[in-house]
Amino acid sequence: MAKDIMDKQLEELVNAILKIENFDECKAFLTDICTIKELKDMAQRLQVAKMLRENIVYQKIATETGASTATISRVSRALNYGSDGYTMILDKLGDK
C-alpha cells in the first residue's frame with residue numbers, strides 16, 4: 001500500500017514539475033519544496049555527472065566538487081545503468 005501512495009505522490013510531483021514555465025518559477029518551486037542541503041546535493045550530483053562524462057577521475061571530481069567517492073560511484077552507476085535521466089539532461093544542456 002505504501003508503494004502505491006509513493007507512486008501516486010511521485011506522479012503528482014512529476015506533473016507539478018511539468019507545469020513549470022520558466023527559470024523563476026522553477027527556482028521558486030525548488031527553493032520551497034527542497035531544503036538548501038537537498039538543492040546543493042542535487043546540484044553537486046549534476047556536476048559530478050558532467051565531470052564523469054568528461055572522463056575526469058574520481059579523485060579530481062571529489063576534490064573539485066566536494067562529493068564523496070560513494071556519491072560519485074552512485075552517479076556513475078546511474079549514468080551507466082540508470083534510466084538515462086542524467087544523459088538526457090546533460091545532452092539538453094549541451095554537456096557531452
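All of the numbers you see were taken from the coordinates with simple rules; none came from a lab. On a predicted model such as this, the values are computed, not experimentally measured, just so you know. Here Cβ is always computed from backbone atoms with ideal geometry, including for glycine, and neighbour counts include all displayed protein chains.
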Cβ density ranking, 10 Å radius, fewest first, applied to Ser68, Ser83 yields Ser83, Ser68
Determine the alpha carbon to alpha carbon distance for each of Lys50/Lys92; Lys37/Lys60; Lys27/Lys60; Lys40/Lys92 and list only those over 24 Å. Lys27/Lys60
Dipole magnitude of the chain about its Cα centre, charges +1 at Lys/Arg Cβ and -1 at Asp/Glu Cβ only, in debye to the nearest 20? 460
Two pseudo-spin positions, 7 Å from Cα along C-beta at Met6 and at Glu38, lie apart in nanometres by 1.5
As a test of the formula, what do you get for the chain when each DSSP H run with n ≥ 4 contributes -39,500 (n - 2.57) and the sum is divided by the residue count, at 222 nm and rounded to the nearest 500 deg cm²/dmol? -25000 deg cm²/dmol
Relative pair counts by distance (%), Cα atoms of region 1-57, 10 Å bins: 20, 34, 35, 12, 0
When the chain is treated as a GNM, springs tying every alpha-carbon pair under 10 Å, which of Val48, Val57, Val14 comes out with the largest mean-square fluctuation? Val14
Got a sec? How would Ile72, Ile5 order by Cβ neighbour count within 10 Å, fewest to most? Ile5, Ile72
Give the Kirkwood hydrodynamic radius (Å, one decimal) of region 9-96, defined as one over the mean of 1/r across all pairs of different Cα atoms. 14.2
Determine, for Tyr86, Tyr81, the number of other Cβ atoms within 10 Å of each Cβ, and report the residues in order from fewest to most. Tyr81, Tyr86
